[in-house]
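Heads up, the thing below is written out as structure tokens.
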Amino acid sequence: MSGDGAPKAITRPLDFLDQRVGLAKLGKHLRKVFPDHWSFLLGEIALYTFIILILTGIFLTLWYKPSMQEVIYNGSYPLLRGQSVSEAYASTIDISFDVRGGLLMRQIHHWSANVFAAAILVHMLRNFFTGAFRKPREINWIIGSLLLQLALIEGFTGYSLPDDLLSGTGLRFVEGLLLSIPIVGTYITFFIFGGEYPGDDLISRLYPVHILLLPGLLLALITIHLALIVYHKHTQLPGPGRTNTNVVGAPLMPIYMAKSGGYFFLTFGVMVAMGAILQVNPVWIYGPYHPNQIGAGTQPDWYLGWVEGGLRIMPNWETRVAGITVSWNVFIPGFGWLLLLALILGIYPFIERWITGDDREHHVLDRARNQPTRTALGVAAISVFGLLWIGGGNDIIATTFHLAIEDITVFIRVAIFVVPVIVFMVTKRICIGMQRRDRETLIHGVESGAVVRLPSGEFIEVHKKLSPDDAYLLSSHERTAPLEVPARTDKEGRERPGWRKLRLRARISRFWVGDDAQKPTLQEYESAHEHGRGHGEIEAEEPDRTKEL
């Protein structure tokens, strides 16, 4: 750095930092360009709620006591005075009623945890439907899936710390899951709980996991995630001037930082408003946990409701092997769903790349309609989770609508196999229909609603030409074609190595893109505009009203 024309009090510190941390090089990242679209804010909501969780969590740790030691409650909540409760529960009640701003902080923390998990989920759905997971962002997609899994675990550990009747029921639920692990389930349960359930050590063990281990892992993964975004540059939605070699948007400094800072305070304000006016987790109503009690209508937070739904609809399948009972009815929905979710999320980018044979880098995103099979798979998966959520609340639904809980369970057992197939087919047909409409719009233009009569006596509807921006948007995606099946034998009559695998891949590829409605070629577009009948060749000015139908 040069000090010409600038005071040494400024240049010397800058030179010092530049020589030791490369300040001038770091400054280049301040000009990084970010696209301007609302959907990119979903990831920011996750980041900002994580910051809010850390700030409110620090406040709560000052008064919370992670102990299951029994004490007599003598606080300000009259309905609990004189009762024997754990120190964890007593401190939670004290935070709610005796610490100034404690209840507000508890509720902000709880709502932020819910929004944090929701923001990650919706952000990943946006990435999935737009193809943001494709090369070179597969690693970032895997990191995102790990963040989602850790957010679920972190939410559950925090949900369990108050040691109230609701959280204790959830812990009993987890104990059943752990016991269902073949052979080692009992040993794992005794290790975690410190003996027979509920033990005396669980809260003190969950506490450092919740405030140190999991936040540390989340912070590390978020840092890597953001670093990879900077390294790969930001994806962008298709539009005029946007290509795989540029990013159209606002620079980080000063424009995007100003917007981002304002958005953080807006998010913080919404979380404070929710914490102030929307009651959540009123542990004083649930009461302290006792192993011989359970709350009627107990429900977990939304992000784990689908796991409980799987447990409730699972048939009573058990197997005895060498004197050991394996409870498939608990193990499969309890751990199977979580493992299946992690596996599918982790390997999906590589599966799609193998099916399509596309190994190129992608920095411009897809419109969901232009990937009908992928979009249909995603919506079908959402329908599965929706059914599982319904299953997790089958008792509430039964009592609310006066239905038999057995009928609801049987319905969901059947629907879990039927509904996703129907949803897949309907969604794919809708996407293909939208593709065909885009194709017709590109070829014929936009219907103007004006019908005119030609000198020859023919009546036609005048079509307006698309604007260049609209035409670019509808035609910016690439044409797709299924992979071709190579000949089974080579010139010497020998079977090609891996031919059966190639044939399978080609068949899957045909299923994947074979029904897509392709955008028109240049020849098709020019041919459609040559005859000049309603394709914008006739001026779309005010027609003679005497010639209208």
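The values are calculated or read from the model by the stated rules, or taken from the named source; none is laboratory data. Bear in mind that the values here come from a model prediction, so they are computed numbers and not experimental data. Positions of Cβ are generated from backbone atoms using ideal geometry, with glycine treated the same way; all protein chains shown enter the neighbour counts. Just the protein is used for accessible areas: all its heavy atoms, side chains included, with ligands, DNA and RNA removed. Shrake-Rupley method; radii C 1.70, N 1.55, O 1.52, S 1.80 Å.
Worth pointing out:
- Between Trp63 and Leu41, the C-beta separation translates, for a Förster distance of 30 Å, into a calculated FRET efficiency of about 0.35.
- Value of [θ]222 nm, deg cm²/dmol, for the chain, DSSP H segments ≥ 4, -39500 (n - 2.57) each, nearest 500: -19000 deg cm²/dmol
- Pair-distance distribution P(r) for segment 210-359, from all Cα-Cα distances in 5 Å bins starting at 0: 1, 6, 6, 9, 14, 14, 14, 13, 9, 6, 5, 3, 1, 0 percent.
- Here the calculated FRET efficiency for Ala481 and Ile347, from their Cβ-Cβ distance with R0 = 25 Å, stands at 0.55, rounded to the nearest 0.05.
- Label sites at Asp469 and Gln518, each approximated as a point 7 angstrom past Cα along Cα to Cβ, lie 3.1 nm apart.
- At R0 = 22 Å, FRET efficiency that the Cβ-Cβ distance of Thr489 and Asp359 yields, to 0.05: 0.25
- Alpha-carbon spread of segment 159-293, three principal axes, descending order, Å: 65, 42, 25
- DSSP-defined beta bridges in the chain - what % are antiparallel, rounded to 5: 95
- With every protein chain in place, segment 223-334: carbon and sulfur % of accessible area (1.4 Å): 68
- Crossing angle, helix 337-356 versus the chain [Cα axis fit, 0-90 degrees, rounded to tens]: 20
- Across segment 299-407, the mean sequence separation of Cα contacts (distance under 8 Å, 6 or more residues apart), normalised by length, yields a relative contact order of 41 percent.
- Percent of alpha-carbon pairs separated by more than 27 Å within segment 382-501: 61
- Probe 1.4 Å, accessible area per residue of the chain, Å²: 54
- For segment 451-497, radius of gyration divided by Kirkwood radius, i.e. Rg to Rh on alpha-carbons: 1.50
- Rounded to the nearest 20, the Cβ-based charge dipole of segment 272-419 about its Cα centre (Lys and Arg +1, Asp and Glu -1) stands at 140 debye.
- When all protein chains stay in place and ligands, DNA and RNA are ignored, the 1.4 Å accessible-area order of Met271, Met68, largest first, is Met68, Met271.
- Stokes-Einstein D for segment 239-290, Kirkwood Rh over Cα pairs, 25 °C, 0.890 mPa s (µm²/s): 161
- Contact order normalised by residue count of segment 62-170, Cα under 8 Å, 6+ apart, percent: 21
- Annotation for segment 306-400: trypsin sites (Lys or Arg not before Pro) lying in DSSP loop with at most 16 further Cβ atoms inside 10 Å of their Cβ are Arg360.
- The gain in end-to-end length when the Tyr187 to Ile382 segment is fully stretched comes to 66.6 nm, 0.36 nm per residue minus the alpha carbon separation.
- Excluding exposed DSSP-loop GluC sites (Glu not before Pro) (at most 16 other C-beta within 10 Å), longest clean stretch of the chain: 1-195
- Kirkwood hydrodynamic radius of segment 263-320, from inverse mean 1/r over distinct Cα pairs, in Å: 15.4
- Extension gain for Leu17-Ile443 works out to 147.5 nm (0.36 nm per residue, less the C-alpha to C-alpha distance).
- In order along segment 497-512, the Karplus-derived 3J(HN,Hα) couplings, from 6.51 cos²θ - 1.76 cosθ + 1.60 at θ = phi - 60°, round to x, x, 4, 4, 5, 5, 5, 4, 4, 5, 5, 5, 5, 5, 5, 6 Hz, and Gly and Pro are given as x.
- The chain, relative contact order in percent, only Cα pairs under 8 angstrom and at least six apart counted: 15
- The shape of segment 93-232 comes out oblate: with a ≥ b ≥ c from the C-alpha gyration tensor, a/c is at least 1.5 while a/b does not beat b/c.
- Length gained on full extension, Asp395 to Arg436, computed as 0.36 nm times the residue gap minus the Cα-Cα distance: 10.3 nm.
- Summed over all non-identical Cα pairs, the Kirkwood treatment of segment 420-488 gives a radius of 15.5 Å.
- Computed over the chain, the P(r) curve from all C-alpha pair distances, binned at 10 Å from the origin, holds 3, 13, 19, 21, 18, 13, 8, 4, 1, 0 percent per bin.
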